[in-house]
Amino acid sequence: MEKLDIAKKLALLGVDIIEAGFPIASPDDFHGVKQIADVVGNQVFEDGYVPVICGLSRCNEKDITRAWEAVKGAKLPRIHTFIATSKIHMESKLNMNEDQVVEKAVSCVKFARGLGCNDVEFSPEDAGRSEPQFLYRILTEVIKAGATTLNIPDTTGWNMPWEVRGAHIARRQRYIVFL
């Protein structure tokens with residue numbers, strides 16, 4: 001109930017995107033995201049504004065399906081999927097090489113689009129420690145696959161602000177809020 005109240009207040013503030021939670025994490029999180037999508041995600045304000053309601057998912061079909069089930073009732077649903085892209089995480093966490101990670105990311109973005117989700121956000125997890133050329137490669141490929149928004153996170157807090165100052169990645173929306 002608290003998440004719904006917060007989402008309602010964020011919508012009143014005009015927040016463009018509300019990332020409502022991680023639906024696969026628990027039945028309660030699924031219910032909370034779905035409730036926000038069904039209630040706040042269908043509220044049309046006088047000026048025509050409707051917030052995007054987003055569900056977070058790891059880059060696998062089970063997570064993506066669960067996120068879609070939670071957010072699909074919103075007028076503007078979004079799935080945000082992510083996969084590790086730093087060398088250390090690809091090797092020790094995923095046991096995958098760069099080609100496998102790109103293939104997985106592309107297939108997951110296509111899978112989300114295939115479910116009917118027209119707004120798919122992609123994040124290269126641990127981008128701050130990822131090789132720049134690999135980041136350019138994976139981001140290019142997920143865009144081709146249908147990703148509509150890119151989020152470049154410094155997941156582990158590895159970088160200092162001045163180290164990423166030269167990155168020129170445009171965002172369509174003004175705000176992303178995580179609940």
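Looking at Leu76, Leu94, just one residue is surrounded by 16 or more Cβ atoms within 10 Å (Cβ to Cβ), within 23 Å of Ala25 (Cβ to Cβ), of a type in the set (A, V, I, L, M, F, W, C) and free of Cβ contacts under 8 Å to residues at least 12 places away in the same chain, and that residue is Leu94.
Considering only residues that are among the small types (Gly, Ala, Ser) and closer than 12 Å to Val71 by Cβ, which ones fall in the stretch 13-40?
First pass over the stretch 13-40, keeping only residues among the small types (Gly, Ala, Ser): 14, 20-21, 25-26, 32, 37.
Across the stretch 13-40, the qualifying residues are Ala20, Gly21, Gly32, Ala37.
Residues that are assigned to a loop (DSSP other than H, G, I, E, B), at pLDDT 95 or above and closer than 24 Å to Pro51 by Cβ: does the stretch 119-134 have at least one? Looking for residues that are assigned to a loop (DSSP other than H, G, I, E, B), at pLDDT 95 or above and closer than 24 Å to Pro51 by Cβ, one finds at least one in the stretch 119-134, hence yes.
Of the residues Lys9, Lys34, the single one that is at pLDDT 95 or above and either over 17 Å from the mean Cα position of the chain (by Cα) or aromatic (Phe, Trp, Tyr) (or both) is Lys9.
Tallying residues that are among the small types (Gly, Ala, Ser) and out of contact with any His (no Cβ under 8 Å at 6 or more places or on another chain) within the stretch 40-66 yields 2. Tallying residues that are in a helix (DSSP H, G or I) and modelled with pLDDT of 75 or more within the stretch 135-179 yields 11. Scanning the stretch 67-87 for residues that are more than 12 Å from the chain's Cα centre (by Cα) and either over 14 Å from Gly41 (Cβ atoms) or of a type in the set (D, E, K, R) (or both) gives Glu69, Lys72, Lys75, Ala84, Thr85, Ser86, Lys87.
The values are calculated or read from the model by the stated rules, or taken from the named source; none is laboratory data. Please read all numbers here as calculations on a predicted model, not as lab measurements. Methodologically, a virtual Cβ is constructed for each residue, glycine included, from the backbone with ideal geometry; neighbour enumeration extends over all protein chains shown.
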